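J.: First, the structure itself, so that you have it in front of you.
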Amino acid sequence: MEGITQMAKKKDPTPGEAIAKSIIETYDPKTTEDIQDALKSIFGPIFESMLEGEMEHHLGFASNDHSEKTTTNRRNGRGKKTINTSMGGIEINPPRDREATFDPQIIPKRTTDVSSIEGKVLSMYAKGISQRDIADIIEDIYGFSISHQQISIITDSVLEELTTWQRRPLKKFYPFLFVDCFYVNIRTEYETKKHAIYTILAYDLKGKKDILGLWIGESENKSQWMQIFDELKIRGVEDIGFISMDGLPGLEDGAATIFPKAVIQRCIVHMIRNSIKYIPQKKYKAFTAHLKLIYKAPNKKVALLEFEKFKEQWSEYPGAIRVWDANWKHVEQLYNYTEAIRKVMYTTNAIESVNS
C-alpha cells in the first residue's frame, strides 16, 4: 500500500516548470509581449551571475572570502554594457578586476551581440533580401537597429574566406569527377533573376568527396564549362579518371579537350529521364524496369541482348529508342570496368544530392 501511495503522489515539478511558475507569480503576464518582457528582465541577472562565476574561477576565491589570498589581483567593481539578445537590448553590469586580466567566455570582451545575428544577416542576404529590408527586419524582431554599414561589414567578412576557397590548390589526380548545373534566383543590384550554378564534385584516391568549386553564369553553355575545366588545370589538376555528366551539347567535347585521357560517362539517370518523355505515363514502370535489365546487366554481352529486346518491344516509341541508340557507347563502356566502378560512375546522383 505504501508503494501505491507514493506512486499516487504528484511528481516534483521540473526545473522548467518551477521557473515558469515563479515568472507567472512574479510578473503576472497577460500577453505574449508581457512574457517576453519578463524573460528579458531575467536575462540580465542570469548573465551577470554567470560572469560572476567566471570571475570567481579566474581569481580563485569568492567575493565574500576574507582568507589570505595567493594573488594580488582583486575585484574592481562593475562595468556597464548593453548586449543585443534575441529579446532585444539588455543592460548588464559585468564584474571587473584590478589587473584587467579577466577574459570572460560567456560574453567575451568587446562582444555586444549574443544573438548570432551575423548568421541571420548572411542567411537573409543570401536569400536576396535587400540591406534596407534586413535592417528593418532585425529592428522589428530583435528590438535594436543595425546600420547598412554594419550589414556590409558582416556580408563582406565572408568574402576573403570565399576567395581563398575558390583559389585553393587542388590534387593532381581525381579518379571520379561529377559535373552538374542547376538554376537559382540571385539578387543583383537592380533585380532578382535566375542564374546557372556550375558545380563540380570529386572523389579523391581515398574516396573522400570534395566540392572543387561553384561558378555562376547567366546560363549553362559549353564555353563556360571549358573555362571551368581549364581553371581546374591551372589549380593543379593534371588528370581525371572518369567524368560523369548530363547530355548538354558540347559538354563532352569540352571536357575531352582539357582532359583527353578521362573517360567521359553520360549519366544513365539523365538518359532515362530524357527517354520517358516519349512514353505514356501508365507505361513508365514497365519501361524503366526493362531499361534496368540493360544497364544493370552482369556483362556487356547480356546488356547488348537486352538492348535488342528493348528496341523490339518498344519500337512504337522511336524517340525513346533514339535516346539510347545515340548514347549506346556510354552504356557499353560501363562494362569495361568492375561492378564497383560502374556503380559510382553510371549516375550523377552524388552531385545532385549536393545541389538539392
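J.: Which of the numbered conditions does Ile341 fail, given that it passes all the others? Conditions: (1) open to solvent by less than 70 Å² (accessible area, probe 1.4 Å); (2) within 19 Å of Asn274 (Cα to Cα); (3) hydrophobic (A, V, I, L, M, F, W, C).
T.: (2)
J.: Go through segment 306-327 and give me each residue that's surrounded by fewer than 16 Cβ atoms within 10 Å (Cβ to Cβ), of a type outside the set (S, T, N, Q) and assigned to a helix (DSSP H, G or I).
T.: If the condition is that a residue be surrounded by fewer than 16 Cβ atoms within 10 Å (Cβ to Cβ), of a type outside the set (S, T, N, Q) and assigned to a helix (DSSP H, G or I), then Glu308, Lys309, Lys311, Glu312, Pro318, Gly319, Arg322, Asp325, Ala326 are the ones that fit.
J.: Among the residues of segment 217-274, which ones are of a type in the set (A, V, I, L, M, F, W, C), farther than 14 Å from His330 by Cβ and open to solvent by less than 10 Å² (accessible area, probe 1.4 Å)?
T.: Trp225, Ile228, Phe229, Leu232, Val237, Ile240, Phe259
J.: Turning to a different aspect of this structure: When the residues of segment 132-150 are filtered to those that are surrounded by 13 or more Cβ atoms within 10 Å (Cβ to Cβ) and modelled with pLDDT of 70 or more, which remaining residue is nearest to the chain's Cα centre (by Cα)?
T.: Among them, the one singled out is Ile134.
J.: Starting from segment 329-356, take each residue that is in contact (Cβ under 8 Å) with a residue 60 or more places away in the chain and list its partners that are open to solvent by 70 Å² or more (accessible area, probe 1.4 Å), counting only C-beta distances under 8 angstrom and pairs at least six apart or across chains.
T.: Ala350/Lys209
J.: Something else about it: Given (1) within 18 Å of Ile264 (Cα to Cα); (2) in contact (Cβ under 8 Å) with a residue 40 or more places away in the chain; (3) open to solvent by 80 Å² or more (accessible area, probe 1.4 Å), identify the lone condition not met by Arg187.
T.: Checking Arg187 against (1) within 18 Å of Ile264 (Cα to Cα); (2) in contact (Cβ under 8 Å) with a residue 40 or more places away in the chain; (3) open to solvent by 80 Å² or more (accessible area, probe 1.4 Å), the one that fails is (1).
J.: Being under 19 Å from the mean Cα position of the chain (by Cα) and either among the acidic types (Asp, Glu) or open to solvent by less than 20 Å² (accessible area, probe 1.4 Å) (or both): is that true of Asp204 here?
T.: no
J.: Filter the strands (runs of 3 or more DSSP E) completely within segment 206-297 down to those with at least 2 residues that are of a type outside the set (Gly, Ala, Ser), touching a residue at least 24 places away in the same chain (Cβ under 8 Å) and over 28 Å from Val184 (Cα atoms).
T.: It comes to 239-245.
J.: Which residue, of Tyr335, Tyr284, is surrounded by 17 or more Cβ atoms within 10 Å (Cβ to Cβ) and farther than 30 Å from Gln224 by Cα?
T.: The conditions single out Tyr335.
J.: Out of all the residues in segment 33-46, is one or more in contact with a strand residue (DSSP E or B) (Cβ under 8 Å, 6 or more places away or on another chain), over 30 Å from Asp136 (Cβ atoms) and open to solvent by less than 60 Å² (accessible area, probe 1.4 Å)?
T.: Scanning segment 33-46, I find no residue that is in contact with a strand residue (DSSP E or B) (Cβ under 8 Å, 6 or more places away or on another chain), over 30 Å from Asp136 (Cβ atoms) and open to solvent by less than 60 Å² (accessible area, probe 1.4 Å), so the answer is no.
J.: Return the residues of segment 301-327 that are under 14 Å from Tyr346 (Cβ atoms) and either within 37 Å of the chain's Cα centre (by Cα) or of a type outside the set (A, V, I, L, M, F, W, C) (or both); say none if nothing qualifies.
T.: Selection gives Trp324, Asn327.
J.: Checking the structure you have, find out if any residue of segment 69-86 is touching a helix residue (DSSP H, G or I) at 6+ places or on another chain (Cβ under 9 Å), closer than 30 Å to Ile137 by Cβ, open to solvent by 50 Å² or more (accessible area, probe 1.4 Å) and not β-branched (Val, Ile, Thr).
T.: For segment 69-86, residues touching a helix residue (DSSP H, G or I) at 6+ places or on another chain (Cβ under 9 Å), closer than 30 Å to Ile137 by Cβ, open to solvent by 50 Å² or more (accessible area, probe 1.4 Å) and not β-branched (Val, Ile, Thr): present.
The values are calculated or read from the model by the stated rules, or taken from the named source; none is laboratory data. Keep in mind the model is a prediction, meaning the values are calculated, not measured. Here Cβ is always computed from backbone atoms with ideal geometry, including for glycine, and neighbour counts include all displayed protein chains. Accessible surface is based on the protein model in full, side chains and every heavy atom, while ligands, DNA and RNA are left aside. Shrake-Rupley method; radii C 1.70, N 1.55, O 1.52, S 1.80 Å.
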